[in-house]
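The values are calculated or read from the model by the stated rules, or taken from the named source; none is laboratory data. All values reported here derive from a predicted model rather than from experimental measurement. Cβ: placed from backbone, ideal geometry, glycine included. Neighbour counts: every protein chain shown. Only protein heavy atoms, including side chains, enter the accessible area calculation; ligands, DNA and RNA are left aside. Shrake-Rupley method; radii C 1.70, N 1.55, O 1.52, S 1.80 Å.
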Amino acid sequence: MWNWMMLGLESNRVIGLRMAKLMRGGKSAQREAQRMVSEKMFAAAKAGTSLMAGASGDKIVAQYRRKVGANAKRLGRKRIRRKRK
């Protein structure tokens, strides 16, 4: 039950970070939107494969949590903008 609850909380944070990035627009937002869609398709396929192989619900949630955690870390980093010459 803990994994499920934490996945919900962590996912909520990633959604907020992604929305902020998408609202800023530009090429970075476009890449993030494409990445988000491809990650979701890959994660769903992996979860389906895991289910067919007999994985438990907790194991699948743990897989999602690892990916969500990586996204939170990546999206939460401060980017330093360099001035163009």
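Observations on the model:
- Peptides 9-16, 68-75, 52-59, 26-33 ranked from most to least packed give 68-75, 9-16, 26-33, 52-59, packing being the mean of other C-beta atoms within 10 angstrom over each peptide's residues.
- Applied to segment 14-19, the Karplus parametrisation 6.51 cos²θ - 1.76 cosθ + 1.60 on θ = phi - 60° returns per-residue 3J(HN,Hα) values of 5, 4, x, 5, 5, 4 Hz, with x for Gly and Pro.
- The angle between the Cα long axis of helix 26-52 and the main principal axis of the chain comes to about 10°, on a 0 to 90 degree scale.
- Apportionment of accessible area to carbon and sulfur, the chain, percent (1.4 Å): 61
- Per residue solvent-accessible surface (Å²) - the chain, probe of 1.4 Å: 83
- Checking the cross-link pairs Lys40/Lys78; Lys21/Lys78; Lys40/Lys67; Lys21/Lys73 against a 18 Å limit on the alpha carbon distance flags Lys40/Lys78 as lying beyond it.
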